[in-house]
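Heads up, the thing below is written out as structure tokens.
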Amino acid sequence: MAEATMISLVIPVYNEEASLPRLLERLRTVMTGMGRPYEIIFVDDGSRDNSLTLLRGFTRWPEIKVVELTRNYGQHAAVFSGFSVVRGDIIVTLDADLQNPPEEIPRLVTVMEEGGFDVVGSIRKGRQDSIFRTLPSKIINMVARKITRVNMTDWGCMLRAYRRGVVERMIACHEQSTFIPALATYFAKNVTEIEVSHEERHAGVSHYSLRKLINLQFDLVSSFSDFPLKLIMYTGIGMAVLGVSFGAVLGIARLAYGARWAAEGVFTLFAILFAFVGFQFFALGVMGEYIGRIYREVRRRPEFVIERIYQSGSAGSDSGTLAGHATADENNHP
């Protein structure tokens, strides 16, 4: 009989001490019921509360591993650090706040195995979030579909399943500030998504502020498309044509109606000037965003740094600090 496929769960954690005990209880119930080998990888993303202490206590179970990062690097970097130490053939990611019900994990795995899919996403049914979260998500979903040309409904849900081959290809990219669901579609041949339930946050507050959602939008656009640069170029050409045309109209009108008419239009000229200056600053900002990302790529600083790895029978990683997208071999994991 063929050996059952191993499943790895990767869960980024940032100040979630109130949710962790209940999360672990539900995870172990679900994974034990599936009757196959599994591991749960918690990534402490620089938590400032008691989360890391709780997570270290969880390692009394051999199937649980805790990755401690040196500071808060952000959700996607934390997920990548978990990817770097997984051992399973199917990797499932989910949030630690219990808005992604662990009971949906078997459905993701079943759909992936029966349909031969490389990535299985999820659509949050009856989403329990405010309009300040749902509206930016709709914009991100629309942009992601346009850029990737993959018609998926909900790109923002963390509850997703990946084949190991897709995860290994993503790790090999060594990209800074990327958007994992969109990056995965570049290496996945067959992609699908299913509806899953969505629960209210059981404790704490959301760590995704409006600023972080805007930054995520920039990550998505600038990492996968040069459309903003092309838009600026074409808009600049259009404004130049309009400016020359308007200048010709003003010149003809001055000759026809005299200098007094031209003086009376001075405020119109100021308004047009301010519009041009505003657009120039916007264009410089967009180009600066791309140049800044090039600068970060050239520096080659690691996207994350692993301080320690805790697991049963071990006080931590004996290989010291691990940085960047370390491979399984570099971390002494099979």
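The values are calculated or read from the model by the stated rules, or taken from the named source; none is laboratory data. Note that the coordinates shown come from a computational prediction; the quantities given were computed from them, not determined experimentally. Here the Cβ positions follow ideal geometry from the backbone for every residue, glycine too, while neighbour counts run over all protein chains shown.
Structure data summary
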{"item": "Search result, residues across region 282-334 that are assigned to a strand (DSSP E or B), modelled with pLDDT of 70 or more and of a type outside the set (D, E)", "result": "V305, I306, R308, I309, Y310, Q311"}
{"item": "Of all residues in region 27-58 being over 19 Å from I306 (Cα atoms) and of a type in the set (A, V, I, L, M, F, W, C), the one that is farthest from the chain's Cα centre (by Cα)", "result": "M34"}
{"item": "Residue in region 95-102 that is more than 16 Å from the chain's Cα centre (by Cα) and farther than 14 Å from I11 by Cα present", "result": "no"}
{"item": "Residues of region 69-124 satisfying the condition of being among the charged types (D, E, K, R) and in contact with a Leu (Cβ under 9 Å, 6 or more places away or on another chain)", "result": "D95, D97, E104, R124"}
{"item": "Residue in region 48-59 that is surrounded by 15 or more Cβ atoms within 10 Å (Cβ to Cβ), in contact with a Pro (Cβ under 8 Å, 6 or more places away or on another chain) and more than 18 Å from A4 (Cα to Cα) present", "result": "yes"}
